[in-house]
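In what follows, a single structure is set out as structure tokens and then discussed.
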Protein chains: 2
Amino acid sequence: MQNKILEYIKEAVRLSRENMNSGDGGPFGAVIVKDGEIISSGSNKVTSKNDPTAHAEIEAIREACRILGTFNLSGCEIYSSCEPCPMCLSAIYWARLDKIYFANTKKDAAEINFDDNFIYEEISKPHDKRKIPVMQIDHDDAKKVFDEWVKKEEKIQY
Amino acid sequence: MQNKILEYIKEAVRLSRENMNSGDGGPFGAVIVKDGEIISSGSNKVTSKNDPTAHAEIEAIREACRILGTFNLSGCEIYSSCEPCPMCLSAIYWARLDKIYFANTKKDAAEINFDDNFIYEEISKPHDKRKIPVMQIDHDDAKKVFDEWVKKEEKIQY
């Protein structure tokens with residue numbers, strides 16, 4: 001089992017290096033495994049796709065969902081060359097993945113000038129202490145939409 | 001100015017209701033504004049696209065980046081019908097948006113059974129206290145890739 005884990009992490013790291021060398025984006029790779037098989041992979045395409053959400057884990061999650069035809073990846077594990085940033089960690093929760101393995105840490109990422117650790121810190125701050133200003137606008141109609149959602153009979157929850 | 005803010009929030013809320021009624025996904029909408037004009041919009045397509053990352057804000061960010069041809073949305077603001085979940089909030093940081101306005105809160109979302117608040121809580125916990133197990137695997141080669149990134153001369157940072 002330990003050997004398999006190392007094998008998947010090595011593949012994620014191999015992807016991270018390949019991606020960096022290709023010039024497609026940052027040095028990050030990830031794979032998703034189901035029943036002992038790699039079903040999808042991703043690497044960082046932020047700069048080549050002009051998509052700030054195209055992190056390795058998000059790419060791998062989106063591909064796995066396409067392949068399996070579902071938005072729910074329970075029964076799957078993710079292996080990433082680096083600790084998922086808060087965006088990717090949250091995506092892993094939304095996708096219901098079973099387990100996360102990673103190699104480099106968010107502090108390693110901070111040392112090479114990626115903002116993962118900074119964003120972790122920002123998220124846990126109250127609104128008025130954050131670097132990006134955030135403001136709640138009272139808007140009764142928004143709440144009404146939520147009430148309508150609760151009453152809606154035909155809906156797919158997730 | 002206040003009137004404009006309300007107008008953009010109303011558009012985000014209108015999208016949230018339209019999306020719910022169309023059956024495409026949850027009751028969430030968002031718009032991105034640059035220089036006083038709405039340049040992109042998004043609504044929640046998780047269940048219709050089978051993509052757990054297809055939240056309103058992510059959809060709006062990806063569309064704005066496609067339209068502007070950049071991964072950096074500084075100079076833009078986002079208006080969302082609901083407080084961004086940690087995935088979307090982090091994406092907003094990665095995209096360098098200037099400001100965030102929202103209507104419903106993460107507690108409102110929790111009350112209609114969306115996991116936003118739960119994920120906020122999970123992210124701030126140490127690894128060993130989280131619901132999804134997370135494990136760091138020592139892998140020297142991953143760190144070497146980061147060192148190679150630092151030494152790489154031609155690269156696009158973000």
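The values are calculated or read from the model by the stated rules, or taken from the named source; none is laboratory data. Keep in mind that this is a model prediction, so the values were computed, not measured. Reconstructed Cβ throughout: ideal geometry from the backbone, glycine too, with neighbour counts over all protein chains shown. When the accessible area is computed, the model is the full protein with side chains, heavy atoms only, and any ligands, DNA or RNA have been set aside. Shrake-Rupley method; radii C 1.70, N 1.55, O 1.52, S 1.80 Å.
In table form, for the structure just shown:
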quantity: Selection status of A:GLN157, polar (S, T, N, Q), open to solvent by 70 Å² or more (accessible area, probe 1.4 Å) and closer than 19 Å to B:THR53 by Cβ; calculated: yes
quantity: Qualifying positions in segment A:3-20 - surrounded by fewer than 17 Cβ atoms within 10 Å (Cβ to Cβ) and closer than 13 Å to A:SER48 by Cα; calculated: none
quantity: B:CYS76 being among the hydrophobic types (A, V, I, L, M, F, W, C) and either within 14 Å of A:HIS139 (Cβ to Cβ) or surrounded by 24 or more Cβ atoms within 10 Å (Cβ to Cβ) (or both); calculated: no
quantity: Residue list for segment A:84-97, restricted to those being under 23 Å from B:ASP138 (Cα atoms) and more than 7 Å from every other protein chain (Cβ to nearest Cβ); calculated: A:PRO84, A:CYS88
quantity: Where a residue in segment A:1-18 is at negative phi and in contact (Cβ under 8 Å) with a residue 24 or more places away in the chain and its partner, wherever it lies, is among the acidic types (Asp, Glu) and surrounded by fewer than 18 Cβ atoms within 10 Å (Cβ to Cβ), with Cβ under 8 Å and at least six apart; calculated: A:VAL13/B:ASP141
quantity: Residues of segment A:35-63 that turn out to be among the polar types (S, T, N, Q) and at the interface with chain B (Cβ under 10 Å from one of its Cβ atoms), as a count; calculated: 5
quantity: Residue count, segment A:107-121 (criterion: under 16 Å from A:SER90 (Cα atoms) and of a type in the set (Phe, Trp, Tyr)); calculated: 2
quantity: Residue within segment A:55-64 that is more than 26 Å from A:TYR158 (Cβ to Cβ) and either within 12 Å of the chain's Cα centre (by Cα) or outside any helix (DSSP H, G or I) (or both) present; calculated: no
quantity: Qualifying residue in segment A:22-41 (condition: free of Cβ contacts under 8 Å to residues at least 12 places away in the same chain, charged (D, E, K, R) and not in a loop (DSSP other than H, G, I, E, B)); calculated: yes
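One line per residue, one yes/no per condition, for (1) open to solvent by less than 80 Å² (accessible area, probe 1.4 Å); (2) facing chain A (nearest Cβ under 8 Å); (3) touching a residue at least 60 places away in the same chain (Cβ under 8 Å):
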| site | (1), (2), (3) |
| --- | --- |
| B:ALA110 | yes, no, no |
| B:ILE119 | yes, yes, no |
| B:HIS127 | yes, no, no |
| B:ARG130 | yes, no, no |
| B:ASP141 | yes, yes, no |
| B:LYS144 | no, no, no |
| B:LYS151 | no, no, no |
